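Notes to accompany the following structure.
Derivation of every value follows stated rules applied to the coordinates shown; laboratory data play no part. Keep in mind that this is a model prediction, so the values were computed, not measured. Using ideal geometry, Cβ is built from the backbone for each residue, glycine included, and neighbour counts are taken over all protein chains shown.
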Amino acid sequence: MTNRDVITRRLRTEISALESRLDAQNTLVLALREQLRAHETQTGDERRNQIFRRAAIDIVPDETQREFSNLGPVMIKNMSDSLVALGGRLDHKYAEINALNEITERVNAGMFFDEVLDHVFENFKTIIPYDRIGVALIEPSKSGHTLVRAQWSRANYDPVIVGKGYAAVLEGSSLQKIADTQEPRTLNNLNDYLESHPESHSTRLIVKEGVQSSLTCPLVARDRVIGFIFFSSCQPETYQDQHIELFSQVAGELALTLEKSRAYEDLYLRNEFIKKVFGQYVTNEVAEAVLSNKGPLALGGERRKVTVLMADLRGFTPMSEELSPEEVVDALNVFLGTMTNVVMKYGGSIDNFIGDALMAVFGILTNKPNDAARAVACAVEMQNAMDSVNAEIAGRDLPNLAMGIGLSTGEAVAGNIGSEMRIKYSVIGSIVNLAARIEGMASGGQIFASDPTYEEVRDIVRTAGSLNVQLKGLRRPVPIHEIKGIGGEYDVDNTMVDITPA
């Protein structure tokens with residue numbers, strides 16, 4: 001926003017404030033309107049604003065600046081006094097409007113209620129006097145009483161005695177009247193109030209904190225009081241009538257914030273739970289994309305270029321016949337857990353677990369130039385991670401495991417597959433079958449990649465040679481490449497040797 005835009009906006013604010021007190025044909029209003037037109041047509045500057053204020057101050061140098069909103073209707077004879085008061089009051093009012101706009105912007109940005117309150121506490125000190133701010137909400141109790149429970153508080157001092165969780169019965173309390181009338185309450189000498197209301201336990205605790213003045217505003221949402229916000233000062237006689245208007249506006253904004261934040265927090269926590277569960281199978285990127293989908297998930301998908309990684313244990317089926325079901329599950333969990341961590345590290349998505357095999361996809365949501373390279377680096381690190389898998393299961397008296405990996409790159413359909421009762425986000429296409437066939441050719445410790453995958457990484461990949469193989473279901477032999485490592489930013493080599501169980 002340019003400096004002229006700021007001046008124009010401020011002039012509009014000043015004119016609106018004056019028109020609530022002065023006649024539209026008042027000399028001051030007309031002068032300000034002239035300035036506004038000049039700035040809107042880019043013929044004015046801020047210097048004229050300063051002339052008005054300096055001239056007024058020169059005329060009445062000994063006058064104390066007064067709160068403009070507290071003055072009665074301003075007559076022409078009081079013009080100089082009006083200008084002096086206007087300068088200070090409208091600057092202050094401008095700051096108030098900006099502060100309230102900031103609250104609204106933070107609410108619309110989806111911030112939590114506590115975060116908005118932290119912002120108020122840290123940034124409103126120039127326009128609101130306080131040493132402490134607290135918020136309490138109304139809630140039912142199991143005993144049938146209505147409680148007021150503290151939800152948030154911050155202070156410039158220690159200790160804060162009335163902190164989060166403190167609760168008191170609403171019925172019969174002084175807060176009940178505020179809730180009934182929906183009007184703010186000012187107490188500028190809490191010591192005097194406590195003497196006349198010795199039964200007020202919460203007031204006694206607040207006074208013990210050192211608070212001497214307080215302003216309590218109801219939080220009203222949909223014409224219903226849902227709680228209270230407390231502004232407190234360690235000085236007596238702090239709160240005057242002019243504070244009530246702003247505090248009430250802040251309370252109104254915070255009441256709306258609370259309503260929105262409750263829904264936002266519920267949705268956030270729900271999505272975090274779903275993402276945590278869903279994220280065990282796909283990357284957070286995929287989980288967030290699915291959760292941000294507007295409306296119900298629809299069946300179908302779209303064509304994408306992806307790299308598919310298939311990994312399968314060698315000789316595990318006959319081995320599992322000699323183990324108990326518990327030992328089989330134990331070994332598989334160690335293997336699949338370790339491999340999943342590696343896949344996630346390289347930004348892949350776990351598409352499926354199939355017994356002792358897993359399928360991962362790279363580029364399922366958005367295509368990136370390094371999808372194939374990340375898949376190859378992932379495959380190499382997966383093979384190297386088998387050492388840690390075998391070290392862990394060896395301590396459980398289980399035999400060593402070996403894995404073969406196949407990679408294939410090409411177009412597939414990625415999307416929601418299944419029925420309305422059960423939907424699975426997956427990829428379908430010939431490259432998936434090709435990756436499975438190539439993986440079937442790999443011995444334990446080996447990695448084979450299709451020709452398209454190899455072409456994507458040929459400048460940085462390290463291989464042990466290529467060969468043409470006849471794969472089941474295909475008419476012609478297919479070239480495959482044995483991957484031994486990859487350079488570039490990954491720089492990792494396959495340290496495993498062919499260890500297919502006999």
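Things to note:
- Ranking of R9, R462, R222 by count of other Cβ atoms within 10 Å, fewest first: R222, R9, R462
- Over all other residues within a Cβ to Cβ distance under 12 Å of D491, the charged ones net out to -2, with Lys and Arg as +1 and Asp and Glu as -1.
- Sorted from greatest to least, the principal axis extents spanned by the alpha carbons of segment 128-262 come out as 34, 34, 27 Å.
- Gain on full stretching of the segment that runs from C234 to D493 - 0.36 nm per residue minus C-alpha separation: 86.5 nm
- From the alpha carbon centroid of segment 439-502 to that of segment 120-141 is 64 Å.
- Relative exposure of R224, R475, judged by other C-beta atoms within 10 Å (fewest first): R475, R224
- The listed peptides 213-219, 371-377, ordered by packing as a protection proxy, come out as 371-377, 213-219 (highest mean of other Cβ atoms within 10 Å first).
- Modelled label reach - D397, point 7 Å along Cα→Cβ, segment 322-362 residues with backbone N closer than 13 Å: 323-324, 327
- Between S388 and S174, the simple label model (points 7 Å from Cα in the Cβ direction) yields a spacing of 6.1 nm.
- On full extension, the segment bounded by Q25 and A464 gains 148.9 nm, given 0.36 nm per residue less the C-alpha separation.
- Label positions at N189 and K345, each projected 7 Å from the Cα along the C-beta direction, are separated by 7.1 nm.
- Restricting segment 116-171 to trypsin sites (Lys or Arg not before Pro) that sit in a DSSP loop and have at most 15 other Cβ atoms within 10 Å of their own Cβ leaves K125, K142, K164.
- Computed E for T13/N156 - FRET, C-beta separation, R0 25 angstrom, nearest 0.05: 0.25
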